[in-house]
Amino acid sequence: AEYWEPKYDEIENLIKNYNSACDYLPKLVNISKEKIIPAEDKTYNYIELADINPLIGSVNQIQKISGANLPSRARMKIKKGNILMSSVEGSIDKIALVDFEKENLVASTGFFVFREKELNKETILVLLKLLSKIYLKREAQGTILTAIPYDSLNRLILPKIDRSIQSQISQLIQQSFQAREHSKKLLEIAKRAVEIYIEKNEKEGLNHIKE
């Protein structure tokens with residue numbers, strides 16, 4: 001029913017009138033349907049919907065699971081630089097850039113997996129986050145577990161962002177990810193300093209921070 005709401009037409013018209021033109025999503029972005037066949041003796045790094053931080057577009061955590069114990073939905077083959085987007089309407093804001101290298105990375109079949117083509121990975125991330133709730137969700141179908149089918153991606157239109165703008169977007173996103181990693185390290189240092197302070201003394205705790 002939401003497909004016909006006027007707001008979706010308005011958004012699409014804005015995209016069509018974008019200065020640098022527009023095109024259908026598959027012309028600008030690679031859609032990967034590559035899947036794995038799990039090997040029971042391998043360990044996999046698994047990402048599911050709950051592992052995504054929708055606020056900053058990152059993967060919060062990964063789960064190490066043996067091939068013998070992988071859930072049946074853990075089949076999407078992914079690698080560093082891929083963008084994951086939930087295909088389930090209720091969690092369509094679960095969008096993230098995989099910015100790390102790990103062996104045997106696999107994601108839930110509840111994700112679409114996108115790769116660079118005419119748009120770079122950071123620009124894809126920003127566009128999907130911007131348009132997910134106000135445009136992409138119009139393609140959701142179903143009743144109980146409403147999902148976006150693969151073939152509906154062919155109907156979605158994205159702006160063709162100028163290369164120079166894409167480069168700037170890339171730099172900003174990379175800076176934000178680096179800042180996130182730095183803040184994580186600072187938090188770990190602070191936590192360890194408190195542990196040392198509790199276990200030993202204040203001086204050693206402060207020394208840990210200075211190191």
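FYI, it's all coordinate maths here, none of it is from the lab. Remember, predicted model here, so these are calculated numbers, not experimental data. When we count neighbours, we look across all protein chains shown, and the Cβ atoms used for this are built from the backbone with ideal geometry, even at glycine.
One chain, two ends: residue 69 and residue 180. Fully extended at 0.36 nm per residue, the span grows by 36.8 nm beyond their Cα-Cα distance. With R₀ fixed at 22 Å, the C-beta to C-beta distance from residue 91 to residue 31 puts the FRET efficiency at about 0.70.
Scanning residues 5 or more positions from residue 22 or on other chains, those with amide H under 5 Å from its amide H are 160, with H placed 1.01 Å from N in the peptide plane.
Around the amide H of residue 156, modelled in the peptide plane, lie the amide H atoms of 25, all under 5 Å away and 5 or more residues distant in sequence or on another chain. Counted by Cβ distance under 9 Å from residue 77, the other residues give a net charge of +2, where Lys and Arg count +1 and Asp and Glu count -1.
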